[in-house]
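Notes follow the structure.
The values are calculated or read from the model by the stated rules, or taken from the named source; none is laboratory data. These numbers were taken from a predicted model, which means no experiment stands behind them. Cβ placement follows ideal geometry from the backbone for every residue including glycine, while neighbour counts extend to all protein chains displayed.
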Protein chains: 2
Amino acid sequence: MAIDFREQLLLLKEQLLFKDTIRDIDSFDNIVIAGMGGSGIVGKIFQELYSEKPVYLVDDYKCPTFVSRKSLFIAISYSGNTEETISALAQAKAKRAYTVSISAGGKLSGYAEQSIKIPNSELQPRCAIGYMLMPLIRSFSLANSQEITKAYKLLMGLDDDSGECEKHAKRICSSSRIPVIYGVSPFKSVAYRWKTQFNENGKVLAYSSSFPELNHNDTMALAETYDRDRFYFFVFESGEEKISKRIAVTARITGAEFNMIEPKGTSTFEKLFYLIHYGDYVSYHLGLLRKIDPADVSLIQRLKKMIA
Amino acid sequence: MAIDFREQLLLLKEQLLFKDTIRDIDSFDNIVIAGMGGSGIVGKIFQELYSEKPVYLVDDYKCPTFVSRKSLFIAISYSGNTEETISALAQAKAKRAYTVSISAGGKLSGYAEQSIKIPNSELQPRCAIGYMLMPLIRSFSLANSQEITKAYKLLMGLDDDSGECEKHAKRICSSSRIPVIYGVSPFKSVAYRWKTQFNENGKVLAYSSSFPELNHNDTMALAETYDRDRFYFFVFESGEEKISKRIAVTARITGAEFNMIEPKGTSTFEKLFYLIHYGDYVSYHLGLLRKIDPADVSLIQRLKKMIA
């Protein structure tokens, strides 16, 4: 548990090179992915990127009724000891699904039919997102080696200079604002990733939603809520004209100040990891500015012990 | 467009008696439900209640790749003119899915293979949740007539006396707080419904999450965020011991004040509609207290015109 948090952030790019894959992915009708928090986000991201088969997410103790021999069930938990995920996996096994685990060890390892073991077990789960996501990216051919190399360089760029991220953090911190992140397809789940990073690294409440959904609800509140200046709105830029127009019109008619984040890179894979890492740095700097240890999640650990 | 908003709330209980069903539900491998905002919530609720087959939700323009002849595709839009939903339905038709629409008219009506037409076309979409949800509840046998009768009475009780809801609204309004709603299974999506009702009826920003997921992120922020007193936390009571313990421990170790909401009723169906209507009233009263018209969603209408 001795790796400095900044060092953990620097390790993300190396994780893109992790090569383990799921042995059998073709013979299933559906894919079910169980995971919570920093591990659960992996399933959310995958569900947005892959729609050749129905991908169903579990973020609780229960495995859905439909799971059968025809299901590929993937349990993801960095520690391998998340009780919700273990419970859902046990039920999936009883239903004869083909089960795969992705973890750095723990109870999950060796329990599923295939166990993918993450090399480094000393990271915070949220800092191991690359290790947990790459087996899915590679198994389902969602990125080629050129895109992975380019993404590596983009992450290195952010590691070398996260000054823009720090600027956002300063503006958030100086007036104690609540971050709100609006995602766009296929990065809606990355907006949720940012929310959780603000929660854990910056220890502030934070929220996410996405276009076009928020045009059906938040939009009224964006114009008329009290204390709008207490919020800090991040909006991911979209490559789709329809969505870009929605964003521009929403800003205009509500008067809300949107801080646009442009995902660098050409492929979806590059943009994905660029956005993820950008959010890592904004939340990390916010923690530092608040004089809070970004690594500390002692309360979450304490809770796990108290309910065990 | 002349029905008073309070009158619209009173109509919810009558909607439980709506009897139209989907003609064919048995011969499909998966179910895809497309819908946005106040109509989209219907799919979210159904996905929590039904897991005999994979239920996949679409809240954007695109229909997932896997949709085929073996898919039941349900497009839900109260107006029948939601552009995202129409776009996804058109793609589902091209993929030869069996398509069903639920709407009060509009372009959707007559476009799908089966069109379920909602009787009343003068409601706000968010006030027609019963009409849109009941065809799914009945088609998939998720409530019996006794439970429906009991739910009717529970809603009538809230219509007669929403004083408790008003008290919450007063406490929120008097110190300009931001509502945060924490759901529990199988009512996680109802927490999101409350969020959207606060957005539209009360015109305030509001957010939702659920147990146990929030124990992996929000928990740190609940203890250490700045300005925690600016938030007002609603937590739905859970019938499961494990989750109840999580809630109690979370409150204790973070020191956050949780306003517990007990879902009245015995069946899941009763509790579901009780919770929905309770949130209707809290957000409605908040709008009144803020001297804002709860019915008004003119900005959303304006946006739709500007992007058309």
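Here is a list of conditions, (1) out of contact with any Asp or Glu (no Cβ under 8 Å at 6 or more places or on another chain); (2) surrounded by 19 or more Cβ atoms within 10 Å (Cβ to Cβ); (3) part of a helix (DSSP H, G or I), and B:ALA151 meets all of them except one; can you say which number that is?
(1)
What is the one condition in (1) at pLDDT 95 or above; (2) within 30 Å of A:PHE231 (Cα to Cα); (3) not basic (Lys, Arg) that B:ILE116 does not satisfy?
With respect to (1) at pLDDT 95 or above; (2) within 30 Å of A:PHE231 (Cα to Cα); (3) not basic (Lys, Arg), B:ILE116 is out only on (2).
Any residue that is within 30 Å of A:PHE73 (Cα to Cα) and within 15 Å of the chain's Cα centre (by Cα) - is there at least one of those in the range A:152-160?
The initial filter retains those residues of the range A:152-160 that are within 30 Å of A:PHE73 (Cα to Cα), namely A:152.
Next cut, within 15 Å of the chain's Cα centre (by Cα) only: none.
Looking through the range A:152-160, none of the residues is within 30 Å of A:PHE73 (Cα to Cα) and within 15 Å of the chain's Cα centre (by Cα).
Only one of these is of a type in the set (A, V, I, L, M, F, W, C), in contact with a Ser or Thr (Cβ under 6 Å, 6 or more places away or on another chain) and surrounded by 24 or more Cβ atoms within 10 Å (Cβ to Cβ): B:ILE76, B:ILE102, B:ILE31. Name it.
Working: B:ILE102 fails: in contact with a Ser or Thr (Cβ under 6 Å, 6 or more places away or on another chain); B:ILE31 fails: in contact with a Ser or Thr (Cβ under 6 Å, 6 or more places away or on another chain).
Unique residue meeting the criteria: B:ILE76.
Only one residue in A:GLY202, A:GLY183 is farther than 18 Å from B:TYR192 by Cβ and surrounded by 24 or more Cβ atoms within 10 Å (Cβ to Cβ), so which one is that?
Values: A:GLY183 fails: farther than 18 Å from B:TYR192 by Cβ.
Within the list A:GLY202, A:GLY183, the selection yields A:GLY202.
I'd like to check something: does the range A:121-134 contain any residue that is surrounded by fewer than 14 Cβ atoms within 10 Å (Cβ to Cβ) and either in contact with a Gly (Cβ under 6 Å, 6 or more places away or on another chain) or closer than 28 Å to B:ALA221 by Cβ (or both)?
Quick first cut of the range A:121-134, residues surrounded by fewer than 14 Cβ atoms within 10 Å (Cβ to Cβ) only: A:122.
Then keep just the ones that are either in contact with a Gly (Cβ under 6 Å, 6 or more places away or on another chain) or closer than 28 Å to B:ALA221 by Cβ (or both); that gives A:122.
Yes, the range A:121-134 has at least one match.
Hey, can you tell me all the residues within the range A:168-179 that are under 21 Å from the mean Cα position of the chain (by Cα) and more than 14 Å from every other protein chain (Cβ to nearest Cβ)?
A:HIS168
How many residues are in contact with a helix residue (DSSP H, G or I) (Cβ under 8 Å, 6 or more places away or on another chain) and part of a helix (DSSP H, G or I) if we restrict to the range A:116-143?
Adding up the residues that qualify gives 12.
Given the conditions (1) more than 7 Å from every other protein chain (Cβ to nearest Cβ); (2) closer than 22 Å to A:ASP229 by Cα; (3) in contact with a Phe, Trp or Tyr (Cβ under 8 Å, 6 or more places away or on another chain), and given that B:CYS165 satisfies all but one, which numbered condition is not satisfied?
Going through (1) more than 7 Å from every other protein chain (Cβ to nearest Cβ); (2) closer than 22 Å to A:ASP229 by Cα; (3) in contact with a Phe, Trp or Tyr (Cβ under 8 Å, 6 or more places away or on another chain) one by one, B:CYS165 breaks only (2).
Here is a list of conditions, (1) touching a helix residue (DSSP H, G or I) at 6+ places or on another chain (Cβ under 8 Å); (2) facing chain A (nearest Cβ under 9 Å), and B:TYR182 meets all of them except one; can you say which number that is?
(2)
Do you know which of the residues in the range A:4-23 that are surrounded by fewer than 16 Cβ atoms within 10 Å (Cβ to Cβ) and among the basic types (Lys, Arg) is nearest to A:ASP293 (Cα to Cα)?
Applying the filter and picking the extreme gives A:ARG6.
Of the conditions (1) within 15 Å of A:ASP29 (Cβ to Cβ); (2) touching a residue at least 40 places away in the same chain (Cβ under 8 Å), A:THR85 fails just one. Which one is it?
(1)
Out of all the residues in the range B:294-301, is one or more more than 10 Å from chain A (Cβ to nearest Cβ), touching a residue at least 24 places away in the same chain (Cβ under 8 Å), outside any loop (DSSP other than H, G, I, E, B) and farther than 30 Å from A:SER244 by Cβ?
no
Output the residues belonging to the range A:56-81 that are over 17 Å from B:GLU240 (Cβ atoms) and within 20 Å of the chain's Cα centre (by Cα).
Correct list: A:TYR56, A:LEU57, A:PHE73, A:ILE74, A:ALA75, A:ILE76, A:SER77, A:TYR78, A:SER79, A:GLY80, A:ASN81.
Do we have any residue at all in the range B:196-206 that's among the small types (Gly, Ala, Ser) and within 17 Å of the chain's Cα centre (by Cα)?
Here is the first cut: in the range B:196-206, the ones among the small types (Gly, Ala, Ser) are B:202, B:206.
If we keep only those that are within 17 Å of the chain's Cα centre (by Cα) too, we end up with B:202, B:206.
Yes - at least one qualifying residue is present in the range B:196-206.
Kindly indicate the residue of the range A:1-37 that is among the small types (Gly, Ala, Ser) and modelled with pLDDT of 95 or more and also nearest to B:THR65 (Cα to Cα) among those meeting that condition. Step through it out loud before you land on a result.
Quick first cut of the range A:1-37, residues among the small types (Gly, Ala, Ser) only: A:2, A:27, A:34-35, A:37.
Add one more test, that the residue is modelled with pLDDT of 95 or more, and what stays is A:34-35, A:37.
Numbers: A:ALA34: 22, A:GLY35: 24, A:GLY37: 27 Å.
Looking at the filtered set, the residue picked out is A:ALA34.
Spot the failing condition for B:LYS245; the list is (1) over 22 Å from A:ILE178 (Cα atoms); (2) in contact with a helix residue (DSSP H, G or I) (Cβ under 9 Å, 6 or more places away or on another chain); (3) more than 8 Å from every other protein chain (Cβ to nearest Cβ), and only one is missed.
Of (1) over 22 Å from A:ILE178 (Cα atoms); (2) in contact with a helix residue (DSSP H, G or I) (Cβ under 9 Å, 6 or more places away or on another chain); (3) more than 8 Å from every other protein chain (Cβ to nearest Cβ), only one is false for B:LYS245: (3).
Given the condition in contact with a Lys or Arg (Cβ under 7 Å, 6 or more places away or on another chain) and surrounded by fewer than 21 Cβ atoms within 10 Å (Cβ to Cβ), answer yes or no: does some residue in the range B:268-287 qualify?
no
Within the range A:1-51, take every residue that is without any contact (Cβ under 8 Å) to a residue 40 or more places away in the chain and at the interface with chain B (Cβ under 9 Å from one of its Cβ atoms) and give me the one that is farthest from the chain's Cα centre (by Cα).
A:SER51
When the residues of the range B:223-265 are filtered to those that are of a type in the set (A, V, I, L, M) and touching a residue at least 24 places away in the same chain (Cβ under 8 Å), which remaining residue is surrounded by the fewest Cβ atoms within 10 Å (Cβ to Cβ)? So that I can check it myself, show each step before the final result.
Of all residues in the range B:223-265, those of a type in the set (A, V, I, L, M) come to B:223, B:235, B:243, B:247-249, B:251, B:253, B:256, B:260-261.
When the remaining residues are screened for being touching a residue at least 24 places away in the same chain (Cβ under 8 Å), the result is B:223, B:235, B:243, B:247, B:253, B:256, B:260-261.
On the way: B:ALA223: 17, B:VAL235: 23, B:ILE243: 21, B:ILE247: 21, B:ILE253: 17, B:ALA256: 20, B:MET260: 12, B:ILE261: 25.
Result: B:MET260.
Against the condition over 19 Å from the mean Cα position of the chain (by Cα), small (Gly, Ala, Ser) and buried (at least 16 other Cβ atoms within 10 Å of the Cβ), how does B:SER115 come out, does it pass?
Working: over 19 Å from the mean Cα position of the chain (by Cα): yes; small (Gly, Ala, Ser): yes; buried (at least 16 other Cβ atoms within 10 Å of the Cβ): yes.
Answer is yes for this residue.
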